[in-house]
Amino acid sequence: MSSSEATRIAVLVMDDSAQDATDLARLIEASPCAREAWLELAIEVRAGGVDELERAVATALPDIAFVDIRLSDEAKGPTGIDAVEAVFAGTAVQVVYVSAYDSYHTQVYRTDHASFVKKPAQAADVDAALGHALKRLRERRAAPLVLHVRGAERVVDPASIVYLESDRRRVRVHLAGEVVEVYGKLGDFQRSLPASFARCHQSVLVNLDHVSALGKTDVRMVTGDELPVSRRHRAAMREALVAHVRAGR
């Protein structure tokens with residue numbers, strides 16, 4: 001398979017230690033799983049606490065997140081488990097917890113997660129965790145999106161969605177030639193959709209597969225729709241689109 005046919009998998013490495021995050025990212029990059037022909041890993045390294053994790057996923061969710069459990073020096077402060085519970089609950093993100101503390105082994109079961117890597121991270125453990133996360137991700141991505149429309153349930157392939165826009169408690173799902181309106185929050189939909197969906201505005205979530213052009217203040221879809229791009233989301237939207245195009249998706 002050529003690199004243009006590879007599937008881009010966004011991996012976030014989150015640790016309060018920049019050195020630990022960098023070391024872990026290198027192990028992920030060197031993993032035999034990372035060299036499988038069907039995928040192309042895009043690894044982002046972030047150092048900081050819970051606030052930094054929230055900033056990292058404000059526009060687009062990663063596919064896989066390696067999250068250190070102790071995200072601060074304060075033993076009683078918010079943990080990576082708290083952050084995952086708040087940010088990733090109900091999403092398709094595959095979480096791998098990382099920690100040097102055995103005491104967290106039972107606490108991680110508060111949330112759904114793919115694996116646990118003990119610090120200092122070993123290559124074999126990272127490879128096994130990455131492989132398990134990728135397997136779960138592929139299984140989850142095969143699942144369609146279920147929309148509750150007028151008392152009935154409609155099954156929709158995420159690839160067929162051009163964009164979504166919210167208006168108070170309603171979300172309009174724009175398909176090719178059709179708009180379906182449902183009750184819900186845009187953030188909840190984003191958590192259920194693949195990483196090919198990114199926010200260009202607080203109330204608009206676009207499928208990058210259907211973007212034809214990105215300007216300073218708007219984004220044009222292949223359907224001809226022109227959608228607003230807010231200043232807050234502009235840089236992250238551009239980064240997500242460039243990475244998406246480079247990965248050949």
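A few remarks follow.
- For segment 32-48, the tally of residues that are buried (at least 20 other Cβ atoms within 10 Å of the Cβ) and not in a strand (DSSP E or B) stands at 1.
- Verdict on Arg35 being basic (Lys, Arg), touching a residue at least 24 places away in the same chain (Cβ under 8 Å) and more than 23 Å from Ala235 (Cβ to Cβ): no
- Filter pass, Asp127 being over 24 Å from Val57 (Cβ atoms) and of a type in the set (Asp, Glu): yes
- Segment 233-245: number of residues that are in contact (Cβ under 8 Å) with a residue 40 or more places away in the chain and not small (Gly, Ala, Ser): 4
- Residue count, segment 79-127 (criterion: closer than 16 Å to Ile69 by Cα, among the polar types (S, T, N, Q) and not in a helix (DSSP H, G or I)): 6
- Any chance Arg154 is touching a residue at least 12 places away in the same chain (Cβ under 8 Å), of a type outside the set (A, V, I, L, M) and not assigned by TED's automatic domain parsing to the domain that holds Ile64: yes
- For Asp127: the one exception among (1) out of contact with any Ser or Thr (no Cβ under 6 Å at 6 or more places or on another chain); (2) buried (at least 16 other Cβ atoms within 10 Å of the Cβ); (3) touching a residue at least 40 places away in the same chain (Cβ under 8 Å): (1)
- Identity of the residue in segment 157-209, of a type in the set (Asp, Glu) and touching a residue at least 60 places away in the same chain (Cβ under 8 Å), that ends up surrounded by the most Cβ atoms within 10 Å (Cβ to Cβ): Glu165
The values are calculated or read from the model by the stated rules, or taken from the named source; none is laboratory data. Since the model is a prediction, treat every value here as computed from it, not as a measurement. A quick note on method: Cβ atoms are made from the backbone with ideal geometry, for glycine too, and the neighbour counts reach across all protein chains shown.
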